[in-house]
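Colleague: Input: one structure, supplied below.
The values are calculated or read from the model by the stated rules, or taken from the named source; none is laboratory data. All figures in this text were calculated on a predicted structure; none of them were measured in a lab. All Cβ positions, even for glycine, are placed from backbone atoms using ideal geometry, and neighbour counts span all protein chains on display. These area figures cover heavy atoms from the full protein model, side chains too; ligands, DNA and RNA do not enter into them. Shrake-Rupley method; radii C 1.70, N 1.55, O 1.52, S 1.80 Å.
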Amino acid sequence: MKLSIKDQVDVSSIRKQFPVLEQSINGKPLIYLDNAATTQKPLAVINEINRYYTEDNSNIHRGMHALAERATAAYENTRKSVARFINANESEEIIFTKGTTDSINLVAHSLGGSILKPGDEVLISCMEHHSNIVPWQIICKQAKAVLKIIPINKRGEILIEEFLNLLSERTKIISVVHISNTLGTVNPVKRIISEAHKRGAKVLIDGAQATPHHKIDVKSLNCDFYAFSGHKMYGPTGVGVLYGKRTLLEALPPYQGGGEMIKDVSFTQTSYNEIPYKFEAGTPNIAGVIGLNRAIEFIESIGLNQIRNHEKEILLRATTQLSEITGFQPMGTALEKASVISFNIEGVHPFDLGILLDAKSIAIRTGHHCTQPLMERFNVEGTARVSFAIYNTFEEVDQFVWTLCDLVKKLR
Amino acid sequence: MSIKMRQEEIIGEFKLLESDLEMSINYLIELGDQLTPFPENKKTDDFIVKGCQSKVWMFAEDKNQNVVYNADSNTVVTKGLVSLLVRVFSGHKAEEILNEEIYFPEKIGMSRFIGSQRSNGFSAMVKQMKLYALAINIKEKK
């Protein structure tokens, strides 16, 4: 794929915004290829968190002083930015959480807890992260509902026909990942949502791996809920988002009780606040939320199309080079794929690769990537995984593959 | 050589590598290569050490009232780690193994090259070795 000058990104100037990437470890420049676990943070995010604590620190919403006003304004501005970023109808549909896991737990508890009856079914796919498995197991057990698994093919793609066969009048909730953290598969979520709605089921999309790479349009997707994390899209850890359609959020019971989420409290009767506050009990991660706004600005300043194009080129280069290694066994070869490569090398344990690459200052991830059922599906103990972000360069890919080849020769 | 002396010997060897991470890991892999071959028919769940992220198999025998360990792993780095423990404990009396504390991992900065989470797996190996020693000790006293 050839890019026009207009589509090319200036990676070297982008890298200058990430001080963490400038360091050397064990005397070698850091090559960070663990972006699906978390991305690094640009200076704008780091400085904003510092600025908030230096200038504006205050609790939000109820304060009658200048600091509280400034903190509240900055916090609520992020809500508006997030709504714009994912094309939600209104900022009230944006709930701040601790992260994707927290968002999914909220939906499982509030939606699952209120609509699931014995014998009802919840569908998830075989490639889900544990965060999109365990909350549903818990709620299904409580409600005596049944958790059903949508199978995938050898390439790591959802089997749509099997999914359609699983759909029935008993299906009440479908929760699937937009982009798999292990396989990189981009799932056909629009089709899944549309088919689910024909049966009257509600759909939650786990978008943790999608928001840093793809333009998300919740209106066009028509999903009922969309969950993602700040830290996987250049933002701070400990802050996440749950998008939900207004009518659904208004109808759902709260997830947690506490300050912020109430209108009036007495010992006999409590009335709840409006959305989104009904779902934001307690003092939130104010600094994190404010920092997330800068992360969104960072992504928008480059443009998601440019980010996607750059990462596609990186992915293609890495895949092509890795494929030349004898015994290279990729896991996840979907036609629609994000910048993640999970693999094994015949005769070499991924754990050894991880440790030895780390000694060469190349950060990758090894293990089951919180997708143990997926490992079982592919009959592997674990994989090595490299995942790329906008600041990764072709030189880093070359260095990684060259180092890997060298290690494989030694280890075999 | 006592258990303590063997630990000191290991500490001395890793000191020579001057905290070079790559050299330390390569040395560890070399040590693993020198382990006595582990019988393939014993690579079963009965001999697996529980609590390790990678697979570690181990058994112990009583040879002339000394405990002799045999171990293996499906990863070369872990094999190197377990080889250090075999070297420290093997050939000693069960009671000595039960009474001695393992302190060399901290001195050689082991968590630096295997990560703190995998250090738990290392503790599981030590525990398993002590359990084998305990079983042999009880058998000897009978």
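Colleague: If you go through the stretch A:357-404, how many residues are polar (S, T, N, Q), away from every other protein chain (no Cβ under 12 Å), over 18 Å from the mean Cα position of the chain (by Cα) and open to solvent by 10 Å² or more (accessible area, probe 1.4 Å)?
Modeller: Total meeting the criteria: 3.
Colleague: If you go through the stretch B:46-53 one residue at a time, do you hit one that is open to solvent by less than 10 Å² (accessible area, probe 1.4 Å) and at pLDDT below 95?
Modeller: Yes, the stretch B:46-53 contains at least one residue that is open to solvent by less than 10 Å² (accessible area, probe 1.4 Å) and at pLDDT below 95.
Colleague: Out of A:ALA334, A:ALA318, which single residue is touching a residue at least 60 places away in the same chain (Cβ under 8 Å), in a loop (DSSP other than H, G, I, E, B) and buried (at least 19 other Cβ atoms within 10 Å of the Cβ)?
Modeller: After applying the criteria, what remains is A:ALA334.
Colleague: Would you confirm whether or not the stretch A:247-260 contains a residue that is hydrophobic (A, V, I, L, M, F, W, C), part of a loop (DSSP other than H, G, I, E, B), modelled with pLDDT of 95 or more and under 24 Å from A:ASN392 (Cα atoms)?
Modeller: no
Colleague: Can you report the number of residues in the stretch A:22-59 which are away from every other protein chain (no Cβ under 14 Å) and not in a loop (DSSP other than H, G, I, E, B)?
Modeller: 18
Colleague: So, one more: State whether the residues of the stretch A:122-132 include one that is out of contact with any Lys or Arg (no Cβ under 8 Å at 6 or more places or on another chain), open to solvent by 70 Å² or more (accessible area, probe 1.4 Å), outside the structural domain of A:ILE341 (by TED's automatic domain parsing) and not hydrophobic (A, V, I, L, M, F, W, C).
Modeller: Among the residues of the stretch A:122-132, not one is out of contact with any Lys or Arg (no Cβ under 8 Å at 6 or more places or on another chain), open to solvent by 70 Å² or more (accessible area, probe 1.4 Å), outside the structural domain of A:ILE341 (by TED's automatic domain parsing) and not hydrophobic (A, V, I, L, M, F, W, C), which makes the answer no.
Colleague: Would you tally the residues in the stretch A:342-356 being open to solvent by less than 40 Å² (accessible area, probe 1.4 Å) and within 11 Å of chain B (Cβ to nearest Cβ)?
Modeller: Of the residues in the stretch A:342-356, 9 are open to solvent by less than 40 Å² (accessible area, probe 1.4 Å) and within 11 Å of chain B (Cβ to nearest Cβ).
Colleague: Go through the stretch A:189-239 residue by residue and tally those that are more than 24 Å from A:PHE163 (Cα to Cα) and of a type in the set (Phe, Trp, Tyr).
Modeller: So the count comes out to 1.
Colleague: Identify the residue in the stretch B:76-128 that is within 18 Å of B:LEU17 (Cβ to Cβ) and not in a helix (DSSP H, G or I) and, among all such residues, is nearest to the other protein chains (Cβ to nearest Cβ).
Modeller: Only one residue tops the list, namely B:GLY109.
Colleague: Could you pull out the residue among A:GLU250, A:GLU260 that is acidic (Asp, Glu), over 12 Å from the mean Cα position of the chain (by Cα) and either open to solvent by less than 40 Å² (accessible area, probe 1.4 Å) or under 20 Å from A:ILE179 (Cβ atoms) (or both)?
Modeller: A:GLU260
Colleague: Right, something else. Can you tell me how many residues in the stretch A:337-356 are assigned to a loop (DSSP other than H, G, I, E, B) and under 18 Å from the mean Cα position of the chain (by Cα)?
Modeller: 2
Colleague: Mind listing whichever residues of the stretch A:47-66 are hydrophobic (A, V, I, L, M, F, W, C) and more than 21 Å from A:ALA281 (Cα to Cα)?
Modeller: A:ILE49, A:ALA66
Colleague: Okay, next question. Exactly one condition in (1) within 20 Å of A:GLU93 (Cβ to Cβ); (2) touching a Ser or Thr at 6+ places or on another chain (Cβ under 6 Å) is false for A:THR211; which is it?
Modeller: A:THR211 satisfies all of (1) within 20 Å of A:GLU93 (Cβ to Cβ); (2) touching a Ser or Thr at 6+ places or on another chain (Cβ under 6 Å) except (2).
Colleague: With respect to the numbered conditions (1) in contact with a Cys (Cβ under 8 Å, 6 or more places away or on another chain); (2) open to solvent by 50 Å² or more (accessible area, probe 1.4 Å), which one is the sole condition not fulfilled by A:PRO151?
Modeller: That leaves (2) as the condition not met.
Colleague: Still on this structure, I have one more. Given the structure, is A:ASN344 assigned by TED's automatic domain parsing to the domain that holds A:LYS28 and in contact with a Pro (Cβ under 8 Å, 6 or more places away or on another chain)?
Modeller: So A:ASN344 fits the description; yes.
Colleague: Shifting gears a bit: Quick one: which residue in A:ILE174, A:ILE158 is in contact with a Leu (Cβ under 6 Å, 6 or more places away or on another chain), buried (at least 17 other Cβ atoms within 10 Å of the Cβ), among the hydrophobic types (A, V, I, L, M, F, W, C) and not assigned by TED's automatic domain parsing to the domain that holds A:ARG308?
Modeller: A:ILE174
Colleague: Does the stretch A:241-286 hold any residues that are more than 13 Å from A:THR97 (Cα to Cα) and small (Gly, Ala, Ser), and which are they?
Modeller: If the condition is that a residue be more than 13 Å from A:THR97 (Cα to Cα) and small (Gly, Ala, Ser), then A:ALA251, A:GLY257, A:GLY258, A:GLY259, A:SER266, A:SER271 are the ones that fit.
Colleague: For the stretch A:383-412, which residues satisfy the criterion of being closer than 16 Å to A:ALA36 by Cβ and at pLDDT below 95?
Modeller: none
Colleague: For the stretch B:83-96, state whether one or more residues are at pLDDT 95 or above and among the β-branched types (Val, Ile, Thr).
Modeller: Within the stretch B:83-96, one or more residues are at pLDDT 95 or above and among the β-branched types (Val, Ile, Thr).
Colleague: From the list B:ILE114, B:ILE97, B:ILE136, which residue is in contact (Cβ under 8 Å) with a residue 60 or more places away in the chain and in contact with a Leu (Cβ under 9 Å, 6 or more places away or on another chain)?
Modeller: Among B:ILE114, B:ILE97, B:ILE136, only B:ILE97 is in contact (Cβ under 8 Å) with a residue 60 or more places away in the chain and in contact with a Leu (Cβ under 9 Å, 6 or more places away or on another chain).
Here is a yes/no grid of residues against (1) open to solvent by 80 Å² or more (accessible area, probe 1.4 Å); (2) closer than 30 Å to A:LEU356 by Cβ; (3) without any contact (Cβ under 8 Å) to a residue 24 or more places away in the chain:
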| position | (1), (2), (3) |
| --- | --- |
| A:ARG15 | no, yes, no |
| A:LEU21 | no, yes, no |
| A:GLN40 | no, yes, no |
| A:VAL45 | no, no, no |
| A:GLU48 | no, no, no |
| A:HIS65 | yes, no, yes |
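Colleague: How many of the residues making up the stretch B:10-28 are assigned to a helix (DSSP H, G or I) and within 10 Å of chain A (Cβ to nearest Cβ)?
Modeller: Final tally of qualifying residues: 7.
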